[in-house]
Protein chains: 2
Amino acid sequence: MEKEFIKLIKSTLNSEYIGDDCAYLKDLEIVVSQDSLVEDVHFIKDKISPYSLGRKTAAVNISDICASGADPAYMTVSLSAPSNTPKSFIKKFYDGLISVYDKIKIVGGDLTKADKIYISASIIGKTQDRNISSRKNAQIGQKVVISGFHGSSATGLMLLKNSKTEPENLIKAHLEPKPQTDFSKKIATTQKTPYAMIDTSDGLMDGLSQIAEQSDVLLDIDFSKIPVEKEVKAFDNWEERVLFGGEDYGLIATIDNPTDDMNVIGEVKKGSGVLINGRLFSAKDVENNSYKHFT
Amino acid sequence: MEKEFIKLIKSTLNSEYIGDDCAYLKDLEIVVSQDSLVEDVHFIKDKISPYSLGRKTAAVNISDICASGADPAYMTVSLSAPSNTPKSFIKKFYDGLISVYDKIKIVGGDLTKADKIYISASIIGKTQDRNISSRKNAQIGQKVVISGFHGSSATGLMLLKNSKTEPENLIKAHLEPKPQTDFSKKIATTQKTPYAMIDTSDGLMDGLSQIAEQSDVLLDIDFSKIPVEKEVKAFDNWEERVLFGGEDYGLIATIDNPTDDMNVIGEVKKGSGVLINGRLFSAKDVENNSYKHFT
């Protein structure tokens, strides 16, 4: 349903900007993005602390800017909550919000009443001296590089649901995600040619598939090259969590000139979809969550 | 309650930006603002058309930028709505959104599910070649100028509640408010000294009181100078609607050099509060809605 609506909105607005996570406003040398978190849709109030909710809000938005290659700089945050919300909730939410990345400034927003918690944050990244990505930029022959461990957050969530508190690194990966600001900066300042970059907040496969679809190419991936923490591999079907588990807030990019310290996991080829160890996933497969067939 | 929460947020964020409607980001030569509209808090779904809701969303946000003196340029909009929301609702909402001011571009946002309708819009204004206002800038001796008719929107709303459809100009004032982009530009480009400006979306008295309080001055106003449409005066207690009725989206400013075509309604003096025809309203009076005693 959402895709259909977005198509409708695009045609109504007749805007060249809607499509990537961020809109690139060249005249102002900034990118902007806005993301919302709705109670009972994106989180369950009783299952997340206000501190973690603040972190998640910041992580989602900062990660969008990282995917563009810009420098996360300013954020505004609207928080709507029931009128009986305790002061401590608000305090901890904002503590979480500012804990993710110390260079970002919260410069405004509003606070309103609502039946449920609703958060919408808007973020601005600076583009000066940076090469800005687009999902449409993947070119045949480019290397696919990745940053961040994958599967850790989904495994951490699974453990939390079973009331486990360790392994600590996996729990932390889920509760305190860190957007890839350093990797983003490295790509945006070392790459001089057009490149595609996306975050893996909706899953690694989703990110790969989005780039493949919007650039009209095939991404040929060697699964064994994907960085995975050893604790993740201790659980059944761990490969599914690596490819389809979300909220790792890693980055993937297709670039011409990887440096020695980058993890190359594959190559951009002619075709369409994502090839993992020889098995093809079409955009439709990914949309329909056909991941159950992977392992 | 909200004031206490905002104080808490300010102290948590330790931010110099929170206070005016817009945050002025000097390094980027922009102002930014974010405002939300929540179903059953800011509007009743059955009482407003999706087109009017789109207009209201745009008007609220564009008016915030106008109050700063900046040039409204880009907007992102997050819309959350129940999954059974018809396509026609979305279409009409966006039609309304783009109908308010043809120079603003909608460049992003997101669309999510929610139990109720929740809208949050973020807006960017350009500050190049413009003198930017602050509510703290009112100086003793400055003139108070006003733009737009007041009381029209509140009278229009009253008529709509009584199922009336005329006088048309009052109904239209409520359903199709127009932010004061021309007046804002004139102030920001002709005034070379610091000035205060605010919109009257929460009422004319509220705007006057905010400037008086934050600049620590008295605003001495001659009620008879406030532009009021003659149809407004046909209803009992119309003066209350002029002073306290909201959503006219006019502008008031305190400036050193009004031009001949500006409506001067008063002067900035030593003291505190707002003096209307010799009657003093303190900030507390205005906060506590003591307006019932005016007429």
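The values are calculated or read from the model by the stated rules, or taken from the named source; none is laboratory data. Source: prediction; values computed, not measured. Every residue, glycine among them, receives a Cβ derived from its backbone with ideal geometry; neighbour counts consider all protein chains shown.
Brief remarks follow.
- For residue B:137, the test of being polar (S, T, N, Q), touching a helix residue (DSSP H, G or I) at 6+ places or on another chain (Cβ under 8 Å) and not assigned by TED's automatic domain parsing to the domain that holds residue B:255 is passed.
- Residue check for residue B:63: surrounded by 23 or more Cβ atoms within 10 Å (Cβ to Cβ), touching a strand residue (DSSP E or B) at 6+ places or on another chain (Cβ under 9 Å), closer than 29 Å to residue A:102 by Cβ and in contact (Cβ under 8 Å) with a residue 24 or more places away in the chain: no
- Residue in the range B:43-64 that is within 8 Å of chain A (Cβ to nearest Cβ) and touching a Leu at 6+ places or on another chain (Cβ under 8 Å) present: no
- Within the range A:147-186, the set of residues being within 20 Å of residue A:103 (Cβ to Cβ) and in a helix (DSSP H, G or I) comprises A:181, A:182, A:183, A:184, A:185, A:186.
- Residue within the range B:148-159 that is surrounded by fewer than 23 Cβ atoms within 10 Å (Cβ to Cβ), touching a Leu at 6+ places or on another chain (Cβ under 8 Å) and within 14 Å of chain A (Cβ to nearest Cβ) present: no
- Among residues of the range B:234-273 being closer than 16 Å to residue B:137 by Cα and β-branched (Val, Ile, Thr), the one that is nearest to the chain's Cα centre (by Cα) is B:252.
- Between A:61, A:14, the distinction of being at pLDDT 90 or above and of a type outside the set (Phe, Trp, Tyr) belongs to A:61 only.
- The range B:221-233, residues that are exposed (fewer than 13 other Cβ atoms within 10 Å of the Cβ) and either over 23 Å from residue B:143 (Cβ atoms) or among the aromatic types (Phe, Trp, Tyr) (or both): B:230
- Some residue of the range B:69-83 being at pLDDT below 90 and closer than 24 Å to residue A:38 by Cβ: yes
- Only listed residue being within 14 Å of chain B (Cβ to nearest Cβ), without any contact (Cβ under 8 Å) to a residue 12 or more places away in the chain and among the acidic types (Asp, Glu), chosen from A:102, A:110, A:115, A:95: A:102
- Listed by position, the strands (runs of 3 or more DSSP E) inside the range A:77-141 whose residues that are surrounded by 19 or more Cβ atoms within 10 Å (Cβ to Cβ) number at least 3 are A:105-108, A:118-126.
- Residue match in the range B:86-96 (condition: in the same structural domain as residue B:186 (by TED's automatic domain parsing) and charged (D, E, K, R)): no
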